[in-house]
Amino acid sequence: MALGTRTFIAPEGRPYLLGIVAVALLITIMATLVWSAPIWLATVFAFYAFRSSERAIPPSPLGIVSPVDGRVLSVRDVADPYLERPVKKICLKCDLFGEYVVRGPLEGKIINQWFTPKGSVPGVKEGETQQPILGKGAIKPSYAMWVQTDEGDDAIVELEYGSWPPPGCYVHVGERVGQGQRCGFMVLGGCINLLLPPESRINVKAGDKVKGGSDIIASFVHA
């Protein structure tokens, strides 16, 4: 559930909003309001799309919240190309009409980050030479970050996006991210993959709709 109704525009959206408003004003001045009406409608949509509201974070230390507003595409067992281990992979599709804010699914420290160019293999730290780790190449470019909790649980948060624009990232290696904290932004959305330990308890299935920062989609399991 959302915490109150206070909403503001995410910083990443302000340049887009200013550009759309400038174009709408220019067309209104040079032509008529009728010609600029579609641009003004796009401005309204942009204000809606780039909103960033407060969310009520559930009190669950071992819980993993959804990083985005969207829908679960799949839950399956795969090999982790970043840490080379078996994992449970939750694939989430961002809601086109949801918020584009990416939130931290768990609280912990950023151990490493990777950037994977289009058509490359994931698992290379940003700025390093591309080194294939597993056989298949990535179809889409992606950013990924390795988050480790104080209890030693490891999770990979992978952001897949189109060729442009790349997602914004607020946190970097060595910094901490909080559960539900704003940690990134994806213009027009994309797919978010969570790679979790195989013993994790999964609370969602394909087709479920989730709300970023509020819905617990999985939990770490400690003996």
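When the expected Rg is taken as 2.2 N^0.38 Å, what fraction or multiple of it is the alpha-carbon Rg of the stretch 27-95?
Normalised Rg, Cα atoms only: 1.90.
In whole percent, how big is the carbon plus sulfur part of the accessible area of the stretch 75-116, probe 1.4 Å, protein atoms only? Don't skip to the answer; put the middle values down first.
Values: 850 of 1640 Å².
So the carbon and sulfur contribution to the accessible surface is 52 percent.
Residue by residue through the stretch 33-41, which ³J(HN,Hα) values in whole Hz follow from phi under the Karplus form 6.51 cos²θ - 1.76 cosθ + 1.60 (θ = phi - 60°), with glycine and proline marked x?
Here the 3J(HN,Hα) series is 5, 4, 5, 8, 3, x, 5, 5, 5 Hz.
The values are calculated or read from the model by the stated rules, or taken from the named source; none is laboratory data. Just so you know, these numbers come straight off a predicted model, no measurement behind them. With ligands, DNA and RNA removed, areas are computed over all heavy atoms of the protein, side chains included. Shrake-Rupley method; radii C 1.70, N 1.55, O 1.52, S 1.80 Å.
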